[in-house]
Amino acid sequence: MNYIEQIAIASPWWADPAWHENDRHLLAAEKSRIKFRHLREAFKIIPASIDIIRGPRQIGKTTELKFIVRELSGGKADPKSIGYFVCDIVSKHRELFEVLKSFHQHLKVSGIKKGVFILDETTSVKDWHKAVKGFVDLGLSKNIHLILTGSSSIELERGHDRMPGRRNGGKDYLFLPMGFSDFCSRINPKKTPLAGDFKRIIRSKNDFEKFREDALIDSAYYKHNISLYFKTGGFPKAVSDFAARRKISDDTLLIYQSVLFSEFEKYKKNIIVLMQIMGEILKNVSTPVSFNAIMRNIELTSANTVKEYVEMLNMAFLGLEVLCVDIQKKKPFHKKDKKLYFIDPVVFSILSEKFHLPYPADEKMAENLSAVHIAGFFLADWAALGVLNKLFYWKSKKGNEVDFVVFQDKKPFGFEVKYQDTVSKWDEMSVKKGIGRGLLITKDVFEYGEIPKIPLWAFLLLKMNGG
């Protein structure tokens with residue numbers, strides 16, 4: 001079977017206008033109790049453009065692509081101008097280049113002036129970027145909008161770095177588990193969650209008080225939902241399970257367990273070592289820890305092994321690493337202890353349900369969720385680079401600590417998570433003295449001041465725009 005035949009098989013809309021009625025991804029989306037889209041704007045075909053979509057496995061990348069195809073093929077675009085290919089059926093970049101050439105030839109023979117070619121799971125092909133680079137350099141992509149996807153930034157990042165000036169305005173997307181606001185709207189579709197802009201309410205007392213007043217009206221609803229979100233998280237299938245059964249099914253947990261293991265198995269890593277390292281991350285959530293300490297606790301012979309596994313978790317978009325920052329130099333201390341988090345509560349559920357590790361206390365989960373939400377400041381950079389490198393924590397020589405630090409307008413801004421029943425002026429001091437400005441993320445306290453205080457459930461409703 002030649003490549004154009006394989007593309008045709010993967011692109012059933014070429015022959016069947018009703019293809020979407022039998023597509024397994026779209027059928028699953030229709031049957032799901034939740035309706036969720038990662039992309040919220042209409043897709044535009046830009047010839048010679050190269051988009052790259054990143055995100056963990058089972059986050060809904062393929063389903064989102066099928067939605068795009070359905071919209072394009074049901075609109076003005078010629079269905080045969082849209083090609084789809086699953087890259088894990090080829091193993092070499094030379095084969096991938098032939099796939100690209102085959103689609104180009106198909107458009108030429110069919111008299112189609114512009115097309116869209118989707119290469120799903122591009123990272124499964126070693127040195128994939130060589131195929132794409134060659135295709136562009138030969139001028140064969142000038143009438144084709146390429147969409148590349150991958151579940152890891154290990155290979156995708158390397159290829160991205162080798163394509164300067166070849167993407168013609170193409171965008172980087174990062175699909176992550178749905179945040180608390182999306183979770184609320186999927187659990188109760190009839191109720192639109194409150195929305196606020198983080199920068200605006202921090203800078204304006206009037207905007208803060210208005211947001212606070214609106215939020216407190218439904219505080220019981222949001223407090224109830226945050227307790228659910230602590231256990232469920234935002235992976236679509238987990239949320240769908242919860243909407244239908246009020247629990248994540250064992251089958252779904254097994255799917256996400258395979259997601260967790262797949263990247264490590266691909267690179268022939270030891271799963272037992274992975275679980276030991278993840279157990280140490282779980283134990284130390286919210287506490288700075290060194291790779292050497294993890295190494296000693298699980299009796300490895302090299303801290304580099306821990307570093308490698310943690311980096312792979314991060315590059316598979318399943319973990320976050322937060323470095324200690326030098327406020328004056330605005331640079332991280334790479335040799336100091338790190339703070340390590342997981343991308344979503346479903347990872348904790350797997351560790352708890354399948355491997356009998358203790359589920360983290362609420363205050364630790366609150367800090368983990370805060371880390372992921374604050375990372376939203378840097379979504380564009382995270383998508384483009386494949387790694388998160390602008391979120392820090394701060395610790396003084398005397399041991400005073402601020403959970404998270406970002407730089408806004410070149411000035412530091414601190415976030416301290418105090419998920420506890422009472423908050424005192426003393427709780428503000430590390431932010432006030434160490435950083436100068438910031439926010440306390442609390443359990444219930446909601447008030448404006450020199451250091452504003454916002455409950456976690458309200459903080460997670462805020463839009464974190466820009467860096």
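Assign unit charges at the C-beta atoms only (+1 for Lys and Arg, -1 for Asp and Glu), then state the dipole size of region 3-174 relative to its Cα centre in Debye, rounded to the nearest 20.
Charge dipole of region 3-174: 380 debye, to the nearest 20.
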Response to the item:
Of 230-237, 302-309, ordering from highest average Cβ density within 10 Å down gives 230-237, 302-309
Worksheet, complete the sentence: Measuring from its Cα centre, the chain shows a charge dipole (+1 at each Lys and Arg Cβ, -1 at each Asp and Glu Cβ) which, in debye to the nearest 20, is 1020 debye
Worksheet item: So what is the relative contact order for region 3-174, in percent, with contacts set as C-alpha pairs under 8 Å and at least six apart?
Response: 32 percent
Worksheet item: When you take every Cα atom in region 80-158, what is the radius of gyration, and what is Dmax, the widest Cα pair distance, in Å?
Response: 12.0, 38
Fill in: Contour minus Cα-Cα distance for Leu27 and Ser249 (0.36 nm per residue)
78.0 nm
Discussion item. I need the peptides 40-50, 395-405 ranked by packing, meaning the mean over residues of other C-beta atoms within 10 angstrom, with the highest value on top.
Written reply: 395-405, 40-50
Worksheet item: Among all lysine pairs in region 406-467 that are eight or more places apart or on different chains, how many have alpha carbons less than 22 angstrom apart?
Response: 21
Discussion item. Shape verdict for the chain, please, from the Cα gyration tensor: rounded (a/c under 1.5), prolate (a/b greater than b/c) or oblate.
Written reply: prolate
Discussion item. Explain nothing, just compute: Karplus ³J(HN,Hα) = 6.51 cos²θ - 1.76 cosθ + 1.60, θ = phi - 60°, for every residue of region 76-89 in order, whole Hz, x for Gly and Pro.
Written reply: 7, 5, 5, x, 6, 7, 10, x, 9, 8, 8, 6, 6, 8
Worksheet entry | Acute angle (nearest 10 degrees) that the helix 219-232 long axis makes with the longest principal axis of the chain, alpha-carbon atoms | 60 degrees
Practice prompt. Could you tell me what percent of the DSSP beta bridges with both partners in the chain are antiparallel, to the nearest 5?
Written response: 35 percent
Discussion item. Using only Cα atoms and rounding to the nearest 10 degrees, what angle (0 to 90) does helix 362-374 make with the longest principal axis of the chain?
Written reply: 50 degrees
Practice prompt. Answer with one residue from Ile45, Phe261, Leu461: the one whose Cα lies farthest towards the positive end of the charge dipole of the chain, charges on Cβ with Lys, Arg +1 and Asp, Glu -1.
Written response: Ile45
Practice prompt. Provide the packing ranking of 368-378, 23-33, i.e. peptides ordered by the mean count of other C-beta atoms within 10 Å per residue, highest first.
Written response: 368-378, 23-33
Fill in: Proximal aspartates and glutamates to Lys126, defined as alpha-carbon separation beneath 12 angstrom and excluding residues fewer than eight positions away on the same chain
Asp88, Glu95, Glu155
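About the Cα centre of region 252-391, how large is the charge dipole given +1 on each Lys and Arg Cβ and -1 on each Asp and Glu Cβ? Please answer in debye to the nearest 20.
For region 252-391, the charge dipole is close to 480 debye.
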Worksheet item: Using alpha-carbon positions, what is the distance between the centroids of region 410-448 and region 276-323, in Å?
Response: 27 Å
Discussion item. Just to verify a number: FRET efficiency for Tyr267 and Gln6, C-beta to C-beta distance, R0 = 22 Å, to 0.05?
Written reply: 0.25
Fill in: Residue (of Ile350, Gly434, Thr232) at the positive-pole extreme of region 180-463, dipole from beta-carbon charges
Gly434
Practice prompt. Apply the Karplus parameterisation 6.51 cos²θ - 1.76 cosθ + 1.60, with θ equal to phi minus 60°, to every residue of region 400-415 and state each ³J(HN,Hα) to the nearest whole Hz, in sequence, with x for glycine and proline.
Written response: 5, 9, 10, 4, 9, 9, 10, 10, 10, 6, 6, 10, x, 9, x, 10
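Measure up Lys35/Lys66; Lys231/Lys354; Lys231/Lys330 against 24 Å on the Cα-Cα distance and list the ones that go over.
Result: Lys231/Lys330 exceed 24 Å.
No lab work stands behind these numbers, since they all come straight from the coordinates. Just so it is clear, the model here is predicted, and its values are computed rather than measured. No Cβ is skipped: glycine too gets one built from the backbone with ideal geometry, and neighbour counts run over all protein chains shown.
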